[in-house]
1. Tell me the label-point distance for the pair Arg120, Gln15, using the 7 Å Cα-to-Cβ offset, in nm and rounded to one decimal.
2. Explain nothing, just the number: relative contact order of the chain, from Cα pairs under 8 Å at least 6 residues apart, as a whole percent.
3. Sum -39500 (n - 2.57) across every DSSP H segment of at least 4 residues in the chain, then divide by the residue count to get the 222 nm mean residue ellipticity, nearest 500.
4. What is the distance, in nm, between label points placed 7 Å from the Cα along the Cα-to-Cβ direction at Lys66 and at Ala50?
5. Using only Cα atoms, tell me the angle between helix 17-36 and the longest principal axis of the chain; keep it within 0 to 90° and round to the nearest 10.
6. Give the separation of the Cα centroids, the stretch 109-146 to the stretch 48-93, in Å.
7. Could you run the Karplus curve 6.51 cos²θ - 1.76 cosθ + 1.60 with θ = phi - 60° over the stretch 91-99 and give me ³J(HN,Hα) per residue in whole Hz, x for Gly and Pro?
8. What percent of all Cα-Cα pairs in the chain falls in each 5 Å bin, counting up from 0?
Amino acid sequence: MAESGSRATGDVLTQRLGYLLKHVQARLAEESARALEPFGVSGRELAVLAVLGEDRPISQLEGAGKLGVDRTTMVALVDRLERDGLVERRRSELDRRKNVVALTERGEDLLRRAEDARRRMEREFLAPLGGAEAEWFLRALRLLLADDSR
């Protein structure tokens, strides 16, 4: 009797979007941590490196805005990456009143290698969907994220 009750509970929960997203995200976070472990960075730190390595040095505040984190969190993340020699703070060449954060050579190298590992892990994670379904899934997530009508 208890077995059929637990099965029913599982069926009820797997019909809920929030439950599914939460547990898929938790599994993705575990796989990501495992893939990034050899590089000594977390997924969050890799995201900071990716944003800082885009095309031009940006301020911590700009980086925080792109990442959707508060200023205090961004300072702590940049402090750790700077301590590890992956980023450096310096005066902006365009506006001497402003400080920017840029990747060091070591940071650029780590970003390149860790991003390769992240991409491989994500492909493997999405492999059960197949190529076309994985692309559709990513497009659907981007669409939901971009929908400002709410």
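1. 4.2 nm
2. Averaging sequence separation for qualifying contacts and normalising by length gives 20 percent for the chain.
3. The helix contribution divided over the chain gives -22000 deg cm²/dmol.
4. So the label points at Lys66 and Ala50 sit 1.1 nm apart.
5. Orientation of helix 17-36: about 50 degrees from the principal axis.
6. So the two Cα centres are separated by 24 Å.
7. Once rounded to whole Hz, the list reads 5, 5, 6, 8, 9, 4, 7, 10, 9.
8. All Cα pairs, binned at 5 Å, distribute as 2, 8, 13, 16, 17, 14, 11, 9, 5, 3, 2, 1, 0, 0, 0 percent.
Readers should treat all values here as calculations from the given coordinates under stated rules, not as data from a laboratory. These numbers were taken from a predicted model, which means no experiment stands behind them. Methodologically, a virtual Cβ is constructed for each residue, glycine included, from the backbone with ideal geometry; neighbour enumeration extends over all protein chains shown.
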